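The values are calculated or read from the model by the stated rules, or taken from the named source; none is laboratory data. None of these values were measured; they are calculated from a predicted model. Positions of Cβ are backbone-derived with ideal geometry, glycine not excepted, and every protein chain shown enters the neighbour counts.
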C-alpha cells in the first residue's frame, strides 16, 4: 500500500434537529446543543494567578491575570497589577497554564473507516471531529483537502452561527488530483484548463485554500497555483509526481508532510510520474540530510517562502509499537474502527521493512533543520493513515512530537499556534495571547513548558471568550469516531 493515502476531511454534517430556524432577530446566540458544553460565559471573565505561554516563543510568565471581555483579551499581566473588573466571573487557576488556541493546519474532518474496502472510501465525521478538535484546544483549523467540500462549507456556517460546537474552520477545496487517484471520491483533472476551472469554481463557492495531490502534473499545478493566486488564495500540496523544488519554482505556498513524501531524490524519477513507495523510501533512507542536495532543497524552499506542514502523528503510526496506546483514543472510536485499528497496528509492530523508526527520525531532523534555516513550519495531525490518529488528540500529540524532534516546549507551542495564524494571515487576531486579540485560549492543568505531556490536561477551551468544557465534549463522542 502506498504510504500516501493519508486523506481527509470531514466536517460535520450535523443533526436534523438543528434544522429548525427562528427568525434571525430571535435566534439564540448558541443552540441548546452547544450550551450543554459551555462552562464559562459572562460579560467579563478574569483568569487569575495562572501561568501564561503567549505563543510568541517567549519564556512563560508566572502568576498572571487575563481579563476577557467582549470575546477579546482586554488585559493581561502580573496578577498584582491587573485589576479584576467588578462583577467579573473569576477563575482562580494557580497551578494552571494558559496557551493560545491551537491552529491546526492539516486537520481533516473525516476518518479512514473505509481502509479495508476496495476501493478505499473515506467517511465524513461531521459529528465527532469538530467536537474533538475543540475539546483538545484546536480553536482554528484548515481542512487541507476535502472529499465533501459542500459539507465542509455548511458545517463551518453552522458552527459560526452557534448551532453546533466546533472550531473556526478554513475550508480547503476538493483535492486537485491527476490520473491515478486511489479513491473514487476524488475528481481527476483532465489538464491545466480543468485545474483552472476547478479552482475558479470553488473559490466562488467560498473555500479559502486549495490542495494539490499526488498525481497532479506540473502543468496542472502551475495552472492551479496561478488561478488560486489571482483569487488571493493559497495552494498547498501533498505531492509525489512533483518534487519539492519543482513545486517551489511553480509558486506553491506550502508543502504537506515534509521530507517523507518528497520524491526528488529518487534516482531516475520520471517527470510527472509518482514513483513507488519502495523507491521513495529507499532514496530517503540513503539521503544524508547534511549533504549539499538536502540542504540546497531546504534553502530553496525558504528562499521561495514555501511553508512546510508537519504531520508527525500520522507518520508515527507506521513506526512499530508507536504511538502509546491511549485509552481515551480507543474510547472515542466506534467498535469496528477500534478493532480494525488494533489489528493493523499489530501487523505494523511485526513489520521490519521499511525501517520506519529511522525514516521517522529523519523526518523530525528535516523539520528541525527547515525551521532553524528560517522556514515557516506549521503543525497539523492528518487523521488518516490506517486510523488511530484522531482529531484533537493527535494535534496535542503533534506538539509533543515537535518537542521530541528537538524544539523546546514553547517553540513547539508557537509552531502549533502563532505560525499557523501567520500563514492564514490572521496574526492580528489569533495565534498569540495579547490584549486586543481574540480570546482563543486553552486552560491546562499543569505546566507544558516543563512537561509537554501536560498539554493533554485541558480543562477549558475558550473560543471568542466563551469557555467550553473539554471533558464534556470528549465524553459526547464516545464510540463515535469512525461512525459519524
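The lone criterion from (1) at pLDDT 95 or above; (2) over 18 Å from the mean Cα position of the chain (by Cα) left unmet by residue 329 is number (2).
Does region 40-53 hold any residues that are surrounded by 17 or more Cβ atoms within 10 Å (Cβ to Cβ) and in contact with a helix residue (DSSP H, G or I) (Cβ under 9 Å, 6 or more places away or on another chain), and which are they? Across region 40-53, the qualifying residue is only 53.
Applying a threshold of 7 Å to beta carbon distances and a minimum spacing of six or more residues, or different chains, the list of pairs starting in region 219-246 at a residue that is more than 11 Å from residue 200 (Cα to Cα) and ending at one that is modelled with pLDDT under 95 and outside any helix (DSSP H, G or I) reads 238/4; 240/4.
Just to be sure, is residue 242 surrounded by 24 or more Cβ atoms within 10 Å (Cβ to Cβ) and over 20 Å from the mean Cα position of the chain (by Cα)? Step through it out loud before you land on a result.
Details: surrounded by 24 or more Cβ atoms within 10 Å (Cβ to Cβ): yes; over 20 Å from the mean Cα position of the chain (by Cα): yes.
Yes.
Within the option set 420, 467, 425, 431, being surrounded by fewer than 22 Cβ atoms within 10 Å (Cβ to Cβ) and at pLDDT 95 or above holds for one residue only, 425. Counting only strands (runs of 3 or more DSSP E) that sit wholly inside region 29-129, those with at least 2 residues that are without any contact (Cβ under 8 Å) to a residue 24 or more places away in the chain are 61-69, 72-78. A search for C-beta distances below 7 Å between a residue of region 194-218 that is without any contact (Cβ under 8 Å) to a residue 12 or more places away in the chain and on the phi > 0 side of the Ramachandran plot and any residue that is part of a helix (DSSP H, G or I) and surrounded by fewer than 24 Cβ atoms within 10 Å (Cβ to Cβ), counting only pairs 6+ apart in sequence or on different chains, returns nothing.
For region 330-355, the set of residues classified as in a loop (DSSP other than H, G, I, E, B) and farther than 10 Å from residue 479 by Cα consists of 350, 351, 352, 353, 354, 355, listed by residue number. For region 428-443, a residue qualifies if it is touching a helix residue (DSSP H, G or I) at 6+ places or on another chain (Cβ under 6 Å) and closer than 13 Å to residue 138 by Cα, and the qualifying residues are 430, 431.
Please indicate, with yes or no, whether at least one residue in region 354-368 is free of Cβ contacts under 8 Å to residues at least 24 places away in the same chain and exposed (fewer than 14 other Cβ atoms within 10 Å of the Cβ).
Residues of region 354-368 free of Cβ contacts under 8 Å to residues at least 24 places away in the same chain: 361.
Subsequent filtering for residues that are exposed (fewer than 14 other Cβ atoms within 10 Å of the Cβ) retains none.
Within region 354-368, not a single residue is free of Cβ contacts under 8 Å to residues at least 24 places away in the same chain and exposed (fewer than 14 other Cβ atoms within 10 Å of the Cβ).
Filtering region 54-76 to residues that are under 27 Å from the mean Cα position of the chain (by Cα), within 16 Å of residue 94 (Cβ to Cβ) and buried (at least 22 other Cβ atoms within 10 Å of the Cβ) leaves only 66. Against the criterion of being part of a strand (DSSP E or B), touching a residue at least 24 places away in the same chain (Cβ under 8 Å), crowded, with 24+ Cβ neighbours inside 10 Å and under 18 Å from the mean Cα position of the chain (by Cα), residue 378 qualifies. I'm checking my understanding of the structure. Among residues of region 310-329 that are in contact (Cβ under 8 Å) with a residue 12 or more places away in the chain and assigned to a helix (DSSP H, G or I), which one is nearest to residue 383 (Cα to Cα)? Selected residue: 314. Scan region 205-221 and give yes if some residue there is buried (at least 24 other Cβ atoms within 10 Å of the Cβ) and more than 25 Å from the chain's Cα centre (by Cα), otherwise no. Yes, some residue in region 205-221 is buried (at least 24 other Cβ atoms within 10 Å of the Cβ) and more than 25 Å from the chain's Cα centre (by Cα). Residue 388 meets each of the listed conditions (1) outside any strand (DSSP E or B); (2) touching a strand residue (DSSP E or B) at 6+ places or on another chain (Cβ under 7 Å); (3) closer than 16 Å to residue 108 by Cβ apart from (2).
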